[in-house]
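Chemist: Below are the structure tokens for one structure; questions will follow.
The values are calculated or read from the model by the stated rules, or taken from the named source; none is laboratory data. The shown structure was predicted, so the numbers you read here are calculated from the model rather than taken from an experiment. A quick note on method: Cβ atoms are made from the backbone with ideal geometry, for glycine too, and the neighbour counts reach across all protein chains shown.
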Amino acid sequence: MSTTPENMTSAPVVQVDYSELIPNNVELNSDRALRRALERWQPEYIDWWKEMGPDGFQESDVYLRTAVGVDKAGWAKFGYVKMPEYRWGILLAPREEGRTIPFGKHKGEPAWQEVPGEYRAMLRRLVVIQGDTEPASVEQQRFLGKTAPSLYDLRNLFQVNVEEGRHLWAMVYLLQKYFGRDGREEAEELLQRRSGNEDKPRILGAFNEKTPDWLSFFMFTNFTDRDGKMQLESLAQSGFDPLSRTCRFMLMEEAFHMFVGESGVSRTIEQTCIKMNEAGIKDPDDTGAVRALGVIDLPTIQRKANFHMSVTRDLFGAEVSTNAANSFNAGLKGRFQEVKIDDDHQLENDTYKVMRFRDGRFVEEDVPALSAINARLLDDYITDCQGGINRWNKVIEKAGIDFTIRQPHKAFNRRIGEFADANVSPDGEAMDEQTWNSRKEDWLPSGSDLKYLVDLMKPVTEPGKYASWISIPKVGIDKQPGDFEYVRI
Ligand code: BYC
Ligand code: FE
Ligand code: FE
């Protein structure tokens, strides 16, 4: 999996100052006001972490990776850490000398080192929305430690959690450094909203859903963290240089989150196939027989994937969006791998084909490319998802089982955008609401699927041992041996 941002330069290693309360490579020492603001926010963050971060395990030693620099070759080190003592730092990718704004109406002008006044509100909104997702995911994953299938998986959960915490730090740094008093207020509010809370929910839909079981966690880190990758990559193109540099470094951490997701689902599928073959079960739809083996049947895995894919697609916003056109035009948020695209990067005269839903039918329409920025990113995302799904299908095929995991139709189960009001099956068949309601349990996890999964999740805490439903990983983290004690509980 190659998810490294393309425009990383191999600049000299900028060592991080660890004598500081807040490790950083942004010369925090020389900016007293910012330093004070961050040092005031830090204890509130720790309170939030203790209240809403992983339930239990706060005193355990966890074998974690900590970012210690921004050089591609050696940016992280491994060691046992108690999570509340993790060194959440502020790390920006090296500044590229002479960087210019790569797209939009300011294309070619020097990249902004300060917030451009006319775009302040738009920029702040993007940073706040990005920042809000990071603690939200930690909150969603809060109880999973209690049912981890192994110490290896438990450690990976915590690694993802502390890094999402660091991503929150990254956005809070931008808010506090560049947005003055309202930035500080936004930083406070990022610690006050709560995933799934009726009165003060997180901003985007998918981040208020539950992550009740480990298959959800793996689907989330594969599909939803992948939205994170796409969005960060688009923000990494930004003409606002501090945002670009922050996102470029975040992307280096993001690759591991998707690894956890893709390999987690893959190991789940593999174990199902192994057990089916051992028991001589050929029919993947024989749910009762498959579940009796203590593994997750493939149709349930497909339904879980359907749920996470559709909910995550909503995170791209409306396919046709003036917000997206404005932030592209302003040079704040680009397209996926903007600098690699061969066009004028201004799009004033271009169109993009968008699938729309008109009078109960799907039609392709040419839409002004600027308005279709979200549609294009969603298309890129769907392409990006397919690679991992193909690898899952190889596992099934190798086991000789007749089943294929598929991406549902773009319009399936959507709440935002073009298809929000449509009722569409995974195969793309439009229907009335009543029919949808009577059939949706064929396509989305049912109450009994979820109950089966929750009942199946029993913690395994002996080093080198794994729950019945998941296979053993091929290699350890940091090349550790199979019986390594990743978490000392
Ligand atoms: N839920 O023109 P529209 C990650 C709102 S994940 C609720 O359609 P726009 C991570 C929208 O806010 C990456 N509301 O959309 C992953 C707007 O409301 P207001 C997170 C929604 O603005 C795993 C209205 O609908 N980063 O990092 O073009 C673990 C109309 O907006 C939703 C970003 O998303 C929704 N799903 O695009 C940890 C990047 N969708 O303002 C972390 C920053 C839309 O009119 N955000 N609305 O009241 C953006 O670029 C854009 O805000 C969006 C929406 C792509 C999200
Ligand atoms: Fe993140
Ligand atoms: Fe992530």
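Chemist: May I ask you to list the residues in the stretch 77-117 that are in a loop (DSSP other than H, G, I, E, B) and closer than 30 Å to residue 478 by Cα?
Modeler: 86, 87, 88, 89, 91, 92, 93, 94, 95
Chemist: Please enumerate the residues belonging to the stretch 197-217 that are more than 13 Å from ligand 1 (Cβ to nearest atom) and closer than 22 Å to residue 148 by Cα.
Modeler: Within the stretch 197-217, 210, 212, 213, 214, 215 meet the criteria.
Chemist: Say whether the condition of being within 14 Å of ligand 1 (Cβ to nearest atom) and in a loop (DSSP other than H, G, I, E, B) is met by at least one residue in the stretch 175-186.
Modeler: There is no residue in the stretch 175-186 that is within 14 Å of ligand 1 (Cβ to nearest atom) and in a loop (DSSP other than H, G, I, E, B).
Chemist: Return only the number of the condition from (1) within 21 Å of residue 301 (Cα to Cα); (2) surrounded by 15 or more Cβ atoms within 10 Å (Cβ to Cβ) that residue 476 does not satisfy.
Modeler: Result: residue 476 fails condition (1) only.
Chemist: Hey, can you tell me all the residues within the stretch 447-473 that are surrounded by 18 or more Cβ atoms within 10 Å (Cβ to Cβ) and either of a type in the set (Gly, Ala, Ser) or touching a strand residue (DSSP E or B) at 6+ places or on another chain (Cβ under 9 Å) (or both)?
Modeler: Within the stretch 447-473, 467, 471 meet the criteria.
Chemist: Moving to a separate point now. Considering only residues that are touching a Lys or Arg at 6+ places or on another chain (Cβ under 9 Å), part of a strand (DSSP E or B) and among the charged types (D, E, K, R), which ones fall in the stretch 352-378?
Modeler: Across the stretch 352-378, the qualifying residues are 364, 365, 366.
Chemist: OK, next. All but one of (1) free of Cβ contacts under 8 Å to residues at least 12 places away in the same chain; (2) not in a loop (DSSP other than H, G, I, E, B) hold for residue 349, so report the exception by its number.
Modeler: For residue 349, the failing item is (2).
For every residue, the table says whether it meets (1) within 25 Å of residue 450 (Cα to Cα); (2) within 14 Å of ligand 1 (Cβ to nearest atom); (3) free of Cβ contacts under 8 Å to residues at least 24 places away in the same chain; (4) outside any helix (DSSP H, G or I).
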{"site": "245", "(1), (2), (3), (4)": "no, no, no, no"}
{"site": "250", "(1), (2), (3), (4)": "no, yes, no, no"}
{"site": "255", "(1), (2), (3), (4)": "no, yes, no, no"}
{"site": "260", "(1), (2), (3), (4)": "yes, yes, no, no"}
{"site": "263", "(1), (2), (3), (4)": "yes, no, no, no"}
{"site": "268", "(1), (2), (3), (4)": "yes, no, no, no"}
{"site": "272", "(1), (2), (3), (4)": "yes, no, no, no"}
{"site": "277", "(1), (2), (3), (4)": "yes, no, no, no"}
{"site": "283", "(1), (2), (3), (4)": "yes, no, yes, yes"}
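Chemist: Considering (1) crowded, with 17+ Cβ neighbours inside 10 Å; (2) of a type in the set (D, E, K, R); (3) away from ligand 1 (no atom under 12 Å from the Cβ), say which one residue 319 fails and leave the rest.
Modeler: (3)
Chemist: Please go through (1) within 15 Å of ligand 2 (Cβ to nearest atom); (2) of a type in the set (D, E, K, R); (3) in contact with a Phe, Trp or Tyr (Cβ under 7 Å, 6 or more places away or on another chain) for residue 253 and return the number of the only condition it doesn't satisfy.
Modeler: Every listed condition holds for residue 253 apart from (3).
Chemist: Kindly indicate which of 63, 80 is at pLDDT 95 or above and surrounded by 18 or more Cβ atoms within 10 Å (Cβ to Cβ).
Modeler: 63
Chemist: Residues to consider are 121, 148; find the one that is in contact with a helix residue (DSSP H, G or I) (Cβ under 6 Å, 6 or more places away or on another chain), away from ligand 2 (no atom under 16 Å from the Cβ) and hydrophobic (A, V, I, L, M, F, W, C).
Modeler: Checking each option against the conditions leaves just 148.
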